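The values are calculated or read from the model by the stated rules, or taken from the named source; none is laboratory data. It should be emphasised that the depicted structure is a prediction, and the values quoted were computed from it without experimental measurement. Here the Cβ positions follow ideal geometry from the backbone for every residue, glycine too, while neighbour counts run over all protein chains shown. For the accessible areas, the whole protein counts, side chains as well, though only heavy atoms, and no ligand, DNA or RNA atoms are used. Shrake-Rupley method; radii C 1.70, N 1.55, O 1.52, S 1.80 Å.
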Amino acid sequence: MKNKKNILIVIGVISFCILVAGITYALYKFVIFDDMEVNAVTPGLDYYINYTRGSDLTGAILEPSSTYESGNSVDVEFWKIDDTYENIYGQIYLDIKTIGENISKEEALKYVLISSDSEEPIASGTLKGRKAGELFLIGKNIPLNMTSTTYTVYIWLDEGYDINPSASGEPIDINVRCEATMVELD
């Protein structure tokens with residue numbers, strides 16, 4: 001009888017310990033992961049991509065032109081080096097360091113993003129309303145391939161617009177920056 005009582009006490013203590021451990025683990029998961037946000041930029045992807053920065057667009061003075069090819073440009077190389085991860089997406093940003101007050105008001109201040117893989121622009125638009133210190137995403141969710149790919153960013157003033165004469169002489173400083181993610185951004 002005494003052996004049965006001891007066995008029941010041991011089973012009771014073990015059951016109590018398992019119950020406490022299970023509740024502790026459940027609370028831990030709930031508290032730690034309840035408000036966690038996932039960052040889409042994967043820091044470890046540096047090993048799997050090749051990214052060669054081009055020169056920055058520094059102190060550029062833009063003159064009106066009829067095509068983007070007459071504007072200023074910056075080239076960057078951006079591609080994945082192996083197929084360890086099938087889906088890696090590139091994001092291309094403009095870090096606007098300096099932009100004149102008048103030129104930032106111009107609808108004619110344009111950008112175009114071209115890939116060496118295609119003659120068609122990946123992205124294009126206006127930089128109107130952009131300010132110094134702003135980070136601006138121009139190329140989103142670009143599937144990276146295993147071949148060396150050069151991306152060219154053109155910045156120009158489109159002469160098809162009525163441009164304020166004081167805007168065409170103002171300088172603009174822009175850095176082109178790339179990031180890689182394993183998930184597509186919204």
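The table that follows gives values for the structure above.
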{"read-out": "Angle in degrees between helix 2-33 and the longest Cα principal axis of the chain, rounded to the nearest 10", "value": "10"}
{"read-out": "Cβ charges +1 (Lys, Arg) and -1 (Asp, Glu), total dipole of the range 39-163, debye", "value": "440"}
{"read-out": "Per residue, in Å², the accessible surface of the range 50-146 once ligands and nucleic acids are set aside, probe 1.4 Å", "value": "51"}
{"read-out": "Within straight-line cross-link reach of K131, lysines at Cα separation under 19 Å, skipping those fewer than 8 residues along the same chain", "value": "K97, K105, K110"}
{"read-out": "With eigenvalues of the C-alpha gyration tensor scaled by 5 and rooted, the range 94-186, Å", "value": "27, 15, 11"}
{"read-out": "Lysines whose Cα lies under 23 Å from that of K80, excluding same-chain neighbours fewer than 8 positions away", "value": "K140"}
{"read-out": "Expected 222 nm ellipticity per residue - DSSP helices of 4 or more, -39500 (n - 2.57), all of the chain, to 500", "value": "-6000 deg cm²/dmol"}
{"read-out": "Diffusion coefficient, µm² s⁻¹, Stokes-Einstein with Kirkwood Rh over alpha-carbon pairs of the range 52-118 at 37 °C and 0.692 mPa s", "value": "222"}
{"read-out": "Where only C-alpha atoms are counted, convex hull volume of the chain per residue in Å³", "value": "154"}
